[in-house]
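Some notes on the structure that comes next.
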Amino acid sequence: MTNNWNTTVWLTPSDGKRWRFDPGSLSLAFAYSGDFGYNIDAWETLREPSDLDAWLTGRFGPALRPSHDTEYLDARHLRAAIAAVARRIASGDKLDPAAVDTINDWAGRPSAQHYLAGGTREPEPPSPARLIATIAQDAVRSFAPNTGTIRECAADDCRLIFLDSSRPQNRRWCSMNRCGGRAKARTHYAQHRTGEPS
């Protein structure tokens, strides 16, 4: 198992145009499988254990077995804690200790193990619980001050949160193809208008 997980998600805003967003970490990608704490039911994608299994398989590969109901509910509880902590870090608010405890509890559990390929035995796939713990461990790393900066998109009409792990720590937009491009177009239009003779 590698830790080069796919961190991109597909989002469908109210205009119906699906687009690809990279929040910069596995745990934030997991948080975007739901409503990110905004109580918008239409954003929920994990409506039953099989949906969780599909999400985990898409990131990690096959698990040892399907998720049971308790793992499904635990994963959604962890997801809510990740979203709550990310939103508070991005806004500079004090963290919710209960959400931090949930993340820390899962991060302290056995996670998916990394193996060197080429042995005589194929390693056993991890259980769903181990994959959930791996997501929590990623959250601990992602929210640590030395990893990067948790930011909210600078666009006035966007609240997407991402991990800025770029070297200069100056990422402002959820995506240059979306909010960044629109901001550049508005700036260009404003400069063009002011440059026109009256």
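Restricting to DSSP H runs of at least four residues, report the calculated mean residue ellipticity at 222 nm for the chain, -39500 (n - 2.57) per run over all residues, nearest 500 deg cm²/dmol.
Numbers: 6 runs with 83 residues, N = 198.
My calculation for the chain gives -13500 deg cm²/dmol from helical runs alone.
For the chain, find the longest principal axis of its Cα atoms and tell me its angle to the long axis of helix 97-107, 0 to 90°, nearest 10.
Roughly 50 degrees between the two axes.
What percent does the relative contact order of the chain come to when contacts are Cα pairs within less than 8 Å and at least six residues apart?
Values: 268 pairs, mean separation 39.1, N = 198.
Across the chain, relative contact order equals 20 percent.
Mind ordering 69-81, 112-124, 42-54 by average Cβ neighbours within 10 Å, highest first? Please list the in-between numbers first.
On the way: 69-81: 18.7, 112-124: 9.4, 42-54: 14.8.
Most protected by this proxy first, the peptides run 69-81, 42-54, 112-124.
For the range 55-112, what does the convex hull of the Cα positions come to per residue, in cubic angstrom? Display every interim value, and only then the final one.
Values: hull volume 5.5 nm³, N = 58.
Convex hull of Cα atoms, per residue: 95 Å³.
So how strong a dipole does the range 1-133 carry about its Cα centre when Lys and Arg Cβ are +1 and Asp and Glu Cβ are -1, to the nearest 20 debye? Don't skip to the answer; put the middle values down first.
Values: 14 positive and 17 negative charges, 77 e Å.
Dipole size: approximately 360 debye.
Can you give me the three principal axis dimensions of the chain from its C-alpha atoms, in Å, biggest first?
On the principal axes, the chain reaches 76, 39, 35 Å in Cα extent.
Each value in this text was obtained by applying a stated rule to the coordinates, not by laboratory testing. This structure is a prediction, so every number in the text was calculated from the model and none was measured. Cβ: placed from backbone, ideal geometry, glycine included. Neighbour counts: every protein chain shown.
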